[in-house]
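Trainee: Sending over a structure as structure tokens; questions will come in a sec.
The values are calculated or read from the model by the stated rules, or taken from the named source; none is laboratory data. Remember, predicted model here, so these are calculated numbers, not experimental data. All Cβ positions, even for glycine, are placed from backbone atoms using ideal geometry, and neighbour counts span all protein chains on display.
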Amino acid sequence: MKKLLLIFAVTLISFSAVAQNNDEGFKFTVVKENPVTSVKNQASTGTCWCFSSLSFIESEAIRINKLKEADYPDLSEMFVVSHAYADKAKKYIRVDGALNFAQGSSFGDLIYVLRDYGIVPNEVMPGLNYGTDRHQHGELIAGLKGYMDGILKNPNRKLSTAWYPGLQGILAAYLGPIPETFTYKGKEYTPKSYFESLNVNLDNYLDFTSWTHLSYYEKHPVEVADNWRWEQAYNIPLEDMMTIIDYAVENGYTVAWASDVSEQGFTRTGVALVPDMDAIQKQAEQAGSDQAHWLGITAPGARPTFNKPVPELTITPELRQQGYEEKNTTDDHGMQIYGIAKDQNGNKFYMVKNSWGETGKYKGFWYVSEAYVRYKTMDFLVHKDAIPKDIKKKLGIK
């Protein structure tokens with residue numbers, strides 16, 4: 001009996017060692033990494049557009065002013081969100097409700113708010129006036145939408161002078177009042193003067209997208225429902241899009257990145273891939289293992305974790321366009337690209353800062369494959385100096 005137990009134990013140890021060797025997981029090596037501020041948590045809100053683009057501006061302030069980590073800015077997302085809702089409400093009335101009055105928006109919304117209203121540090125306006133320690137906007141957006149639809153009916157047959165202050169009152173109750181002046185680190189500011197202290201020139205930022213149904217090297221409206229400000233972006237070929245993103249990161253810039261995270265390949269463990277399921281199945285069959293092992297599926301219906309490198313689809317402009325036209329690619333999330341890494345097989349990944357708190361294996365950061373960025377990028381915002389000269393020439397940008 002003891003001999004049998006010993007044989008069983010040795011066999012089990014050997015099997016475990018083989019399993020570990022076959023399940024080595026991802027091993028990333030950083031190629032280039034640019035400074036970002038700490039991971040924030042948008043929690044139960046649809047304000048990723050603000051968290052991602054404001055994080056991008058924070059990184060720009062770090063880069064421009066050569067700030068040390070102790071001096072990194074922490075800017076108020078809810079200052080931006082409050083102003084965006086207020087402006088959106090005016091347009092909602094002007095276009096008779098033919099506008100997506102919801103939580104989503106675009107990178108252009110942030111640029112507009114910074115230019116017209118400025119910004120404040122997060123500690124001045126954290127936006128948590130409704131009894132919780134985390135952002136939770138379900139009640140806020142329901143209340144705002146109900147209020148706006150009531151105003152839209154125009155029951156007095158002429159809008160009163162009270163409806164807009166009424167809206168501002170709702171926003172102030174939930175997100176806090178907009179400060180006219182404030183003191184920060186011993187100095188008095190207005191929101192505009194504080195933004196000016198960051199030395200960020202908003203004229204230097206451009207938005208890009210890449211679709212085959214639009215003419216290249218020209219500006220077009222970003223065709224998504226959340227783009228209520230009707231922001232325009234330069235449409236460029238896919239290869240130019242990837243060249244700009246690479247050039248930006250390699251030269252010390254970050255990128256505000258609008259994408260789609262509804263794909264199964266965007267795992268909740270910190271890796272995003274575009275798996276080639278046919279190739280994976282063949283690999284699994286050749287290796288004598290089942291597909292669940294390769295995908296990391298532990299229960300029927302579970303979301304795959306893709307716990308090791310897998311073959312990915314080759315992404316073409318036509319495949320991108322197909323995803324967009326079939327509504328498989330939508331603008332459902334904004335993040336920040338800040339670095340480039342490679343996995344153990346030499347595959348390129350982009351280092352991405354998310355706004356879901358310190359979650360997943362990498363504490364709120366993701367490694368996103370090159371194929372995923374090629375496939376699922378909706379649009380992106382970058383400094384004009386992060387654009388290679390030959391592409392600038394095609395765009396007529398100096």
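Trainee: Only one of (1) under 22 Å from G339 (Cα atoms); (2) in contact with a Pro (Cβ under 8 Å, 6 or more places away or on another chain) is not met by I119, so which one is it?
Mentor: (1) is the only condition that I119 fails.
Trainee: Going by what's in this entry, would A248 be described as modelled with pLDDT of 95 or more and assigned to a strand (DSSP E or B)?
Mentor: Against the criterion (modelled with pLDDT of 95 or more and assigned to a strand (DSSP E or B)), A248 does not qualify.
Trainee: Does S193 qualify as being closer than 20 Å to Y375 by Cα, among the hydroxyl-bearing types (S, T, Y) and either modelled with pLDDT of 95 or more or crowded, with 21+ Cβ neighbours inside 10 Å (or both)?
Mentor: So S193 does not fit the description; no.
Trainee: Just to check your reading of the model, which residue among Y338, Y324 is modelled with pLDDT of 85 or more, surrounded by 14 or more Cβ atoms within 10 Å (Cβ to Cβ), of a type in the set (F, W, Y) and farther than 22 Å from G104 by Cα?
Mentor: One residue alone meets the criteria, Y338.
Trainee: Additional query: Sort through L128, L144, L152 and tell me the only one that's buried (at least 19 other Cβ atoms within 10 Å of the Cβ), under 30 Å from T330 (Cβ atoms) and either touching a Pro at 6+ places or on another chain (Cβ under 8 Å) or at pLDDT 95 or above (or both).
Mentor: L144 is the lone residue from the list that is buried (at least 19 other Cβ atoms within 10 Å of the Cβ), under 30 Å from T330 (Cβ atoms) and either touching a Pro at 6+ places or on another chain (Cβ under 8 Å) or at pLDDT 95 or above (or both).
Trainee: Right, here's the next one. For residues in the stretch 246-263 being acidic (D, E) and under 25 Å from Y324 (Cβ atoms), which is farthest from the chain's Cα centre (by Cα)?
Mentor: Among residues in the stretch 246-263 that are acidic (D, E) and under 25 Å from Y324 (Cβ atoms), the one farthest from the chain's Cα centre (by Cα) is D246.
Trainee: With respect to D207, is the statement that it is part of a helix (DSSP H, G or I) and either touching an Asp or Glu at 6+ places or on another chain (Cβ under 7 Å) or not hydrophobic (A, V, I, L, M, F, W, C) (or both) true?
Mentor: It is false that D207 is part of a helix (DSSP H, G or I) and either touching an Asp or Glu at 6+ places or on another chain (Cβ under 7 Å) or not hydrophobic (A, V, I, L, M, F, W, C) (or both).
Trainee: From A98, A102, A84, grab the single residue that is under 30 Å from H383 (Cα atoms), assigned to a loop (DSSP other than H, G, I, E, B) and among the small types (G, A, S).
Mentor: Unique residue meeting the criteria: A102.
Trainee: Determine whether S160 is of a type outside the set (V, I, T), part of a loop (DSSP other than H, G, I, E, B) and surrounded by 10 or more Cβ atoms within 10 Å (Cβ to Cβ).
Mentor: Criteria met by S160.
Trainee: Confirm whether M351 is more than 24 Å from T212 (Cβ to Cβ), touching a Ser or Thr at 6+ places or on another chain (Cβ under 9 Å), at pLDDT 95 or above and aliphatic (A, V, I, L, M).
Mentor: no
Trainee: Let me ask something else about it. Applying the selection to the stretch 27-78, what residues are assigned to a loop (DSSP other than H, G, I, E, B), of a type in the set (V, I, T) and either over 30 Å from L144 (Cα atoms) or modelled with pLDDT under 95 (or both)?
Mentor: Kept after step one, since they are assigned to a loop (DSSP other than H, G, I, E, B), are these residues of the stretch 27-78: 27-28, 34-40, 42-43, 45-47, 66-68, 72-74, 76.
Filter once more, so that each one left must be of a type in the set (V, I, T): 36-37, 39, 45, 47.
Residues satisfying the conditions are V36, T37.
Trainee: For the stretch 112-130, indicate whether the set of residues that are of a type in the set (G, A, S) and without any contact (Cβ under 8 Å) to a residue 60 or more places away in the chain is non-empty.
Mentor: Our first condition is that a residue be of a type in the set (G, A, S); within the stretch 112-130, this holds for 118, 127.
From what is left, the residues that are without any contact (Cβ under 8 Å) to a residue 60 or more places away in the chain are 127.
So far as the stretch 112-130 goes, yes, one or more of its residues are of a type in the set (G, A, S) and without any contact (Cβ under 8 Å) to a residue 60 or more places away in the chain.
Trainee: Return a yes/no flag: does the stretch 171-186 have any residue that is loosely packed, with under 12 Cβ neighbours inside 10 Å, among the β-branched types (V, I, T) and modelled with pLDDT of 95 or more.
Mentor: Looking through the stretch 171-186, at least one residue is loosely packed, with under 12 Cβ neighbours inside 10 Å, among the β-branched types (V, I, T) and modelled with pLDDT of 95 or more.
Trainee: Go through the stretch 76-135 and give me each residue that's of a type in the set (V, I, T) and in contact with a helix residue (DSSP H, G or I) (Cβ under 9 Å, 6 or more places away or on another chain).
Mentor: The first filter runs over the stretch 76-135 and keeps only residues of a type in the set (V, I, T), leaving 80-81, 93, 95, 111, 113, 119-120, 124, 132.
Answer for the stretch 76-135, where residues must be of a type in the set (V, I, T) and in contact with a helix residue (DSSP H, G or I) (Cβ under 9 Å, 6 or more places away or on another chain): V80, V81, I93, I111, V113, I119, V120, V124.
Trainee: Now for a different question. Considering only the stretch 177-199, state which residues are at negative phi and in a loop (DSSP other than H, G, I, E, B).
Mentor: Quick first cut of the stretch 177-199, residues at negative phi only: 177-184, 187-198.
Result: P177, I178, P179, E180, T181, T190, L198.
Trainee: Among S55, S76, which is of a type in the set (S, T, N, Q) and within 20 Å of G176 (Cα to Cα)?
Mentor: S76
Trainee: Sticking with this structure for a sec: Which one of these is assigned to a helix (DSSP H, G or I) and of a type in the set (S, T, Y): Y234, Y174, Y216? Step through it out loud before you land on a result.
Mentor: Numbers: Y234 fails: assigned to a helix (DSSP H, G or I); Y216 fails: assigned to a helix (DSSP H, G or I).
Sole residue among the options that is assigned to a helix (DSSP H, G or I) and of a type in the set (S, T, Y): Y174.
Trainee: Answer yes if at least one residue in the stretch 202-212 is touching a strand residue (DSSP E or B) at 6+ places or on another chain (Cβ under 6 Å) and more than 22 Å from R229 (Cβ to Cβ), and no otherwise.
Mentor: No, every residue in the stretch 202-212 fails to be touching a strand residue (DSSP E or B) at 6+ places or on another chain (Cβ under 6 Å) and more than 22 Å from R229 (Cβ to Cβ).
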